[in-house]
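Down below is the structure, laid out as structure tokens.
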């Protein structure tokens, strides 16, 4: 790396061991020592917008996705009055569909994604928080995630 004048940024560099629980329990190394940096191994890393944990389960990714989606939904609430209902529907649909392309995940994680879709449905329709959303999902032509 020094030949091409590249330098390792310790704060931005993440490394992770991948494997089964049994394989990971055998490891004793906690850090990678390079000539000019020591990097601690992480339990989860972010690569191309996807959060990966050491066992390659989607739990950390769904947690991060859920948090960011609810933050964006709160921000969209503040501009709702400035948009037509159709524009709001298109914006929220594009937002939700671009982030919820996960398949083959557990029921608990799927419920978290469904909560995001339900919150977006309430935002578009103006329904109360505890109002049932199944009929509204059908009206919006959105398939439930379950």
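The values are calculated or read from the model by the stated rules, or taken from the named source; none is laboratory data. Owing to the predicted nature of the structure, the values given are computational and were not obtained by experimental measurement. Please note: Cβ atoms are built from the backbone with ideal geometry, for glycine as well, and neighbour counts cover all protein chains shown.
List of remarks:
- Of the residues making up region 114-135, those that are in a helix (DSSP H, G or I) and over 15 Å from residue 86 (Cα atoms) are 114, 115, 116, 117, 118, 119, 134, 135.
- Checking residue 65 against (1) assigned to a helix (DSSP H, G or I); (2) more than 15 Å from residue 109 (Cβ to Cβ), the condition it does not meet: (2)
- Criterion violated by residue 42 - all others in (1) more than 23 Å from residue 142 (Cα to Cα); (2) surrounded by 14 or more Cβ atoms within 10 Å (Cβ to Cβ); (3) under 11 Å from the mean Cα position of the chain (by Cα) satisfied: (3)
- Contacts under 8 angstrom Cβ, first residue in region 88-112 being within 12 Å of residue 124 (Cβ to Cβ) and assigned by TED's automatic domain parsing to the domain that holds residue 66, partner modelled with pLDDT of 75 or more and loosely packed, with under 11 Cβ neighbours inside 10 Å, 6 or more apart: none
- Within region 7-23, the residues that satisfy the criterion of being over 17 Å from residue 51 (Cβ atoms) and either over 23 Å from the mean Cα position of the chain (by Cα) or exposed (fewer than 12 other Cβ atoms within 10 Å of the Cβ) (or both) are 7, 8, 9, 10, 11, 20, 21, 22, 23.
- Against the criterion of being outside any helix (DSSP H, G or I) and more than 30 Å from residue 117 (Cα to Cα), residue 29 qualifies.
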